[in-house]
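The values are calculated or read from the model by the stated rules, or taken from the named source; none is laboratory data. Treat the numbers as computed from the prediction; the structure is a model and nothing was measured. All Cβ positions, glycine included, derive from the backbone under ideal geometry; neighbour counts span all protein chains shown.
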Amino acid sequence: MDLLINIALFLTPIGLGLFIGGRREKNHFQSLALRRAALQDILISDIRTFPGGSSLSAPPKMLTSQVVIATDYFKSFLAGLSKLFGGEIRSYESLLTRAREEAITRLIEEAHVEGYDAICNLRVDTADIGGGAGSKGVVTVGIMATATAYRRIQ
């Protein structure tokens, strides 16, 4: 009986972490999809210059956005198991995807608020923030997105 209680005490926080963390991540992805859908009229390109050539109605502007997202303890626990047995660390892939999409979405929203309808030369950079030995198992990633915003002649 004591063994079952100890197993339950061990598995309950892990189950809660899986449920709550997964729910928050799913909600964040849904929020990103809704925000991006509202901005689908903005032209996005990763080429260096504006694809329309000189058909601009205002001078271009450099935009940046930064996002820092931390993993939860459950994902860190799963990553530790992956490190122990080898292979991909899928629990961190969704962390990076969320951070990248959030940074790009913020960049597009900023362009929209400032009246721009196109961005080009979109670049995304990552940084490990506190992921070293002193992080106590929680990985934090920083993403910076940069682009040049344009206003096209209609």
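Given the conditions (1) assigned to a loop (DSSP other than H, G, I, E, B); (2) under 22 Å from residue 142 (Cα atoms); (3) of a type in the set (Asp, Glu), which single one is not true for residue 93?
Residue 93 satisfies all of (1) assigned to a loop (DSSP other than H, G, I, E, B); (2) under 22 Å from residue 142 (Cα atoms); (3) of a type in the set (Asp, Glu) except (1).
Name the single residue that is modelled with the lowest pLDDT among those in segment 2-50 being in a loop (DSSP other than H, G, I, E, B) and in contact with a strand residue (DSSP E or B) (Cβ under 7 Å, 6 or more places away or on another chain).
Initial filter on segment 2-50 (in a loop (DSSP other than H, G, I, E, B)): 38-42, 45-50.
Next, from what is left, pick out any that are in contact with a strand residue (DSSP E or B) (Cβ under 7 Å, 6 or more places away or on another chain): 42, 45-50.
On the way: 42: 89, 45: 85, 46: 83, 47: 83, 48: 79, 49: 73, 50: 69.
Among those that are in a loop (DSSP other than H, G, I, E, B) and in contact with a strand residue (DSSP E or B) (Cβ under 7 Å, 6 or more places away or on another chain), it is 50.
Condition first: at pLDDT 90 or above and aliphatic (A, V, I, L, M). Now tell me which residues in segment 73-106 satisfy that.
99, 103, 104
Checking the conditions here, which among 115, 87 is more than 14 Å from the chain's Cα centre (by Cα), more than 23 Å from residue 48 (Cβ to Cβ) and small (Gly, Ala, Ser)?
One residue alone meets the criteria, 87.
Being more than 20 Å from the chain's Cα centre (by Cα), surrounded by fewer than 10 Cβ atoms within 10 Å (Cβ to Cβ) and more than 27 Å from residue 146 (Cβ to Cβ), is that true of even one residue in segment 38-53?
For segment 38-53, residues more than 20 Å from the chain's Cα centre (by Cα), surrounded by fewer than 10 Cβ atoms within 10 Å (Cβ to Cβ) and more than 27 Å from residue 146 (Cβ to Cβ): absent.
Could you list all residues from segment 127-152 that are at pLDDT 90 or above, farther than 11 Å from residue 61 by Cβ and among the hydroxyl-bearing types (Ser, Thr, Tyr)?
146
Could you list, in sequence order, the residues of segment 54-72 that are assigned to a loop (DSSP other than H, G, I, E, B) and either modelled with pLDDT under 75 or surrounded by 13 or more Cβ atoms within 10 Å (Cβ to Cβ) (or both)?
If the condition is that a residue be assigned to a loop (DSSP other than H, G, I, E, B) and either modelled with pLDDT under 75 or surrounded by 13 or more Cβ atoms within 10 Å (Cβ to Cβ) (or both), then 54, 55, 57, 58, 60, 71, 72 are the ones that fit.
Looking at (1) over 21 Å from residue 149 (Cα atoms); (2) touching a residue at least 12 places away in the same chain (Cβ under 8 Å); (3) within 17 Å of the chain's Cα centre (by Cα), find the lone condition where residue 14 falls short.
All conditions are met except number (3).
In segment 139-153, how many are surrounded by fewer than 18 Cβ atoms within 10 Å (Cβ to Cβ) and under 10 Å from residue 124 (Cα atoms)?
2
Considering only residues that are crowded, with 17+ Cβ neighbours inside 10 Å, within 18 Å of residue 58 (Cα to Cα) and without any contact (Cβ under 8 Å) to a residue 60 or more places away in the chain, which ones fall in segment 79-126?
110
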